[in-house]
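The values are calculated or read from the model by the stated rules, or taken from the named source; none is laboratory data. Predicted, not measured: the structure shown is a model, and the values here were computed from it. With ideal geometry, Cβ positions are generated from the backbone for all residues, glycine too; neighbour counts draw on all protein chains shown. For the accessible areas, the whole protein counts, side chains as well, though only heavy atoms, and no ligand, DNA or RNA atoms are used. Shrake-Rupley method; radii C 1.70, N 1.55, O 1.52, S 1.80 Å.
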Amino acid sequence: MSEHNPEHSPAHDPARAPAAPERLNAAADRLADRFRAMPQSRLLAPVEGHPSRAAAALALAGRLAVAARALEGLPPLPVPDCGVFAVGDQIAVTGHDLALAAADRPAELAAALADLDRTDRLTA
């Protein structure tokens, strides 16, 4: 008889698990850390649809902030451009804010995770 190991079930596969705030926090932190470690030359290099990687990251932070504020019933506010070396922190803060606001809304969490993934691939 073979034993069933629950850690190998689809429910324990992070890629197939339902969107959860912890997943959004982890994804935001990973991308934020990548931007924090990125040299200025890469931050300033253009990517498709944006004048720079930093601009793409700032646009992502803006979308995350708008989504979080909408879930909280607040009007959108722009995320300020604090310079290329701040975009990693801006992704982390807005990602964590959205994770809190969308804690019980898997569809919004999944959409944010997809947006983070798109930006990660775009700016790789």
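At-a-glance table
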| read-out | value |
| --- | --- |
| Folded to 0 to 90 degrees: helix 21-37 orientation relative to the chain principal axis, Cα | 40 |
| Nearest-ten-degree value, helix 106-122 long axis tilted from longest Cα axis of the chain | 60 |
| Accessible surface of the chain, 1.4 Å probe, proportion on carbon and sulfur as whole % | 59 |
| Label of the coordinate-derived value, P(r) over Cα pairs in 10 Å bins from 0, in percent, listed as (i) 14, 41, 28, 11, 4, 1, 0; (ii) 11, 30, 20, 12, 9, 9, 7, 2, 0; (iii) 13, 36, 20, 10, 9, 7, 5, 0 | (i) |
| Residues of region 61-80 with amide N under 19 Å of a point placed 7 Å along Cα→Cβ from Asp117 | 61, 63-64 |
| Accessible area in the full protein assembly, largest first, 1.4 Å probe, for Asp104, Asp117 | Asp104, Asp117 |
| Under-5 Å amide H pairs with Val47, H placed in peptide plane, nonlocal only | Ser52, Arg53 |
| Centre separation in Å (Cα based) which lies between region 13-81 and region 85-124 | 5 |
| Cα long-axis angle, helix 53-71 against the chain (0 to 90 degrees, to the nearest 10) | 60 |
